[in-house]
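First up is the structure itself, then whatever we jot down about it.
The values are calculated or read from the model by the stated rules, or taken from the named source; none is laboratory data. Owing to the predicted nature of the structure, the values given are computational and were not obtained by experimental measurement. With ideal geometry, Cβ positions are generated from the backbone for all residues, glycine too; neighbour counts draw on all protein chains shown.
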Amino acid sequence: MEQDKNVESHWASTRSLMFVMLFLWFVFGFAIHYFVNDLNQIQFLGFPLGFYMAAQGSLIAFVVILVLFAKLQDGIDERHGMSED
């Protein structure tokens, strides 16, 4: 019975993390590019922000999201006794 609660809690934490990461992916993959003309009014490192986000910013954000997801998921796994070590 306690094992079932642990598995359920692990899945709830994993699911919550997944939805947060999918939301961030949506923001950097679609929402920022949708507002690219408005973002071009802002300068970042000498470039229009919309151009920068399309050329490099979104790719950097995706890598950060992947690394953050892996670290947070490892923490969830360890907390629930399901780590691979």
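Brief remarks on what is shown
- Residue count, the stretch 39-68 (criterion: at pLDDT 90 or above and more than 20 Å from the chain's Cα centre (by Cα)): 5
- Within the stretch 1-33, the set of residues being among the small types (Gly, Ala, Ser), farther than 16 Å from Ala70 by Cα and without any contact (Cβ under 8 Å) to a residue 24 or more places away in the chain comprises Ala12, Ala31.
- Of the residues examined, Lys71 is one that is assigned to a helix (DSSP H, G or I) and modelled with pLDDT of 95 or more.
- Selection within the stretch 34-60 - touching a residue at least 12 places away in the same chain (Cβ under 8 Å) and assigned to a loop (DSSP other than H, G, I, E, B): Phe35
- Scanning the stretch 1-32 for residues that are surrounded by 11 or more Cβ atoms within 10 Å (Cβ to Cβ), at pLDDT below 90 and among the polar types (S, T, N, Q) yields a single hit, Asn6.
- Residues (of a type in the set (Val, Ile, Thr) and either in contact with a Cys (Cβ under 9 Å, 6 or more places away or on another chain) or exposed (fewer than 13 other Cβ atoms within 10 Å of the Cβ) (or both)) located in the stretch 33-85: Ile42, Ile60, Val63, Val64, Val67
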